[in-house]
Amino acid sequence: MTVTAFAPETEERFAVARQVADAVLFEGYVLYPYRASAAKNRLRWQFGVLVPPGWGAECEEHDFQHTECLMEPKAGATLSVEVRFLHARRRTVQRVRPDGGFDTVTELDLDDRVLVPWDEGFEERVEVIAPVDELLGDGVTHTFRLPAREDTAPALDAAGRTVGRLVRRCEEISGTVRLSARELDGPYRALRLTAVVENTSDWTPPEGRGADRDAALPHSLVATHLLMALSAGSFLSMTDPPEWAKRAVAACRNLHTWPVLAGEPGRSDLVLSSPIILEDHPAIAPESPGALYDATEIDEILALRTAALTDEEKREARGTDERAAAVIELADSMPAEVLERLHGAVRSLREVTGPDPAAVDLGFPDEFGVRRPDTPWWDPASDTGFDPARDRVVVDGRSVGKGSRVELHPGLRRTDAQDIFLRGRTAKVEAVLHDVDGGVHLAVTVEGDPGADIRREQGRFLYFQPDEVTPLEDDA
């Protein structure tokens with residue numbers, strides 16, 4: 001095994017994937033309104049935090065990530081792995097004394113910003129390159145250690161005079177990357193790749209302090225994720241595998257992370273294993289003008305709300321973190337045409353086929369297909385033939401309608417993470433609904449859900465298509 005810089009072609013492939021990986025790395029890094037004093041910025045870094053094992057036993061967080069996926073390497077292939085995470089860098093603020101010394105303070109008020117104590121996230125990378133053949137059997141193990149370090153930076157006023165300084169300190173972190181592979185049984189030569197990242201730091205809470213997440217964070221690997229590339233060969237999709245590999249994919253164990261195909265669409269030689277569930281070949285929206293670090297709101301609303309902060313709020317945000325300062329500048333300088341692009345985008349168009357419009361009277365007055373203003377796109381009278389409470393649909397040869405019990409199997413290609421968590425749960429059908437395109441949807445409540453009665457009262461159901469459920473009883 002060797003540990004070295006990646007080859008240029010591998011580095012180029014990783015550069016494309018890092019655009020999405022950076023969004024994972026800094027997810028929730030600093031939340032709107034981007035001020036350290038905001039309540040939601042006092043409990044930070046919720047994704048991919050690998051804590052020291054001596055503290056993890058006292059909390060519900062973990063000291064490792066375990067990734068498994070399938071790959072079909074070609075002869076002589078090598079695997080390049082990049083572990084990426086944030087190293088919390090604790091920043092204190094000091095004011096200069098008349099005698100030239102420094103006193104630690106809770107804030108330092110400058111002309112354009114207010115500097116306050118804060119944990120900055122410093123990006124770290126651990127690179128490992130190994131021939132695939134060496135991964136068989138016991139595999140390879142790479143240990144790493146990041147030493148403690150401290151640096152200072154002066155804080156200057158508008159006249160360029162030193163009025164204080166920032167002291168930044170990183171604590172020591174150590175960890176291990178374990179890579180191994182095992183050949184699968186069957187007619188195809190495929191391997192199950194296992195990649196484990198562990199925090200092996202020996203830090204423990206000071207005696208008498210008990211479990212203290214704030215104290216553990218500087219010794220943790222934050223927002224940890226993996227990029228893995230094959231020099232020759234391909235990975236198999238974990239969400240849409242070929243038929244022959246579905247059982248092997250289902251047997252893979254992924255703990256605290258989930259691997260997806262990454263990089264350019266159409267390629268399958270790169271995987272991103274992330275603590276946030278993504279789809280294959282995730283990409284940043286081309287309309288997005290820059291990172292906002294807060295995925296709880298869409299870019300348009302977030303940009304508008306940030307631009308509307310008061311001058312004093314913006315001063316505090318600029319002093320909170322350099323990335324927060326960049327968000328403030330982005331919102332203040334965003335041209336109107338850029339903001340307009342955030343309003344919405346059509347990602348794909350679906351071709352509608354059917355009878356020749358010329359042979360059917362659809363209310364089109366001319367050859368250009370322009371509707372008359374008095375022709376509605378939807379005729380309310382068409383609903384008279386449907387009754388959600390009584391309509392039924394045939395699923396696997398059985399009649400399903402209101403009151404039927406079904407088992408949920410969300411389709412991986414048309415669902416989100418919340419629905420995936422319901423896989424295998426049983427539910428009760430509350431209504432059978434038809435949309436204007438002729439599609440059928442089952443409104444359900446999950447059995448055992450303590451809020452089911454409220455959902456029925458408010459009509460706020462979960463919706464699945466007929467091929468995403470299995471009937472449990474015949475109510476015909």
>> Against the definition (of a type in the set (Lys, Arg), open to solvent by 20 Å² or more (accessible area, probe 1.4 Å) and either without any contact (Cβ under 8 Å) to a residue 12 or more places away in the chain or farther than 30 Å from Ala155 by Cβ (or both)), how does Arg267 come out, yes or no?
In response: yes
>> If a residue must be among the β-branched types (Val, Ile, Thr) and either free of Cβ contacts under 8 Å to residues at least 60 places away in the same chain or in contact with an Asp or Glu (Cβ under 8 Å, 6 or more places away or on another chain) (or both), how many such residues does the range 239-264 contain?
In response: 2
>> For the list (1) open to solvent by 40 Å² or more (accessible area, probe 1.4 Å); (2) in contact with an Asp or Glu (Cβ under 9 Å, 6 or more places away or on another chain), I need the number of the one condition that Arg161 fails.
In response: (2)
>> Which residue is least open to solvent (accessible area, probe 1.4 Å), if the candidates are limited to the range 304-320 and must be at pLDDT below 90 and not hydrophobic (A, V, I, L, M, F, W, C)?
In response: Thr306
> Which ones in the range 417-428 are of a type outside the set (A, V, I, L, M) and assigned to a strand (DSSP E or B)?
Replying inline: Thr426, Lys428
> Is there any pair linking a residue in the range 299-323 that is within 24 Å of Arg90 (Cα to Cα) to one that is open to solvent by less than 70 Å² (accessible area, probe 1.4 Å) and of a type in the set (Gly, Ala, Ser), with Cβ under 6 Å and at least six apart or on different chains, and which?
Replying inline: Ala317/Ala324; Arg318/Ala325; Thr320/Ala36
>> Conditions first: (1) surrounded by 12 or more Cβ atoms within 10 Å (Cβ to Cβ); (2) aliphatic (A, V, I, L, M); (3) in a loop (DSSP other than H, G, I, E, B); (4) modelled with pLDDT of 80 or more. Ala431 passes all but one, so which condition is the exception?
In response: (3)
> Of all residues in the range 431-476, which are without any contact (Cβ under 8 Å) to a residue 24 or more places away in the chain and touching a helix residue (DSSP H, G or I) at 6+ places or on another chain (Cβ under 9 Å)?
Replying inline: Thr445, Asp449, Arg460
> Taking the range 449-474 as the search range and keeping residues that are open to solvent by 60 Å² or more (accessible area, probe 1.4 Å), in contact with a strand residue (DSSP E or B) (Cβ under 8 Å, 6 or more places away or on another chain) and not in a helix (DSSP H, G or I), which one is nearest to Arg390 (Cα to Cα)?
Replying inline: Asp474
>> List pairs: first residue in the range 398-426 and more than 17 Å from Gly448 (Cβ to Cβ) and among the basic types (Lys, Arg), second residue open to solvent by 60 Å² or more (accessible area, probe 1.4 Å) and at pLDDT 75 or above anywhere in the structure, Cβ distance under 8 angstrom, at least six positions apart or on different chains.
In response: Lys402/Arg390; Arg413/Asp240; Arg414/Gln465
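Restricting to strands (runs of 3 or more DSSP E) lying wholly in the range 35-148: which have 2 or more residues that are open to solvent by 30 Å² or more (accessible area, probe 1.4 Å), in contact with a Lys or Arg (Cβ under 6 Å, 6 or more places away or on another chain) and in contact (Cβ under 8 Å) with a residue 60 or more places away in the chain?
Working: elements: 64-73, 78-96, 102-105, 118-131, 140-146.
Ranges flagged: 78-96.
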> When Asp383 is evaluated against the numbered criteria (1) surrounded by fewer than 11 Cβ atoms within 10 Å (Cβ to Cβ); (2) assigned to a helix (DSSP H, G or I); (3) modelled with pLDDT under 75, which criterion, by number, is the only one it fails?
Replying inline: (1)
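Criterion first (out of contact with any strand residue (DSSP E or B) (no Cβ under 9 Å at 6 or more places or on another chain) and surrounded by fewer than 17 Cβ atoms within 10 Å (Cβ to Cβ)) does Gly424 satisfy it? First the steps, then the outcome.
On the way: out of contact with any strand residue (DSSP E or B) (no Cβ under 9 Å at 6 or more places or on another chain): no; surrounded by fewer than 17 Cβ atoms within 10 Å (Cβ to Cβ): yes.
No: the conditions fail for Gly424.
Residue by residue through the range 10-66, note down the ones that are polar (S, T, N, Q) and within 21 Å of Leu217 (Cβ to Cβ). Lay out the reasoning, then the answer.
Going through the range 10-66, the residues polar (S, T, N, Q) turn out to be 10, 19, 37, 41, 46, 65.
Correct list: Ser37, Asn41, Gln46, Gln65.
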>> Every residue in the range 276-290 that is modelled with pLDDT of 80 or more and open to solvent by 70 Å² or more (accessible area, probe 1.4 Å), please.
In response: Ile277, Glu279, Ala283, Ile284
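The values are calculated or read from the model by the stated rules, or taken from the named source; none is laboratory data. Not measured: the values here are computed from a predicted model. Cβ: placed from backbone, ideal geometry, glycine included. Neighbour counts: every protein chain shown. Each accessible area value is taken on the protein alone, full model and side chains, heavy atoms only, with ligands, DNA and RNA left out. Shrake-Rupley method; radii C 1.70, N 1.55, O 1.52, S 1.80 Å.
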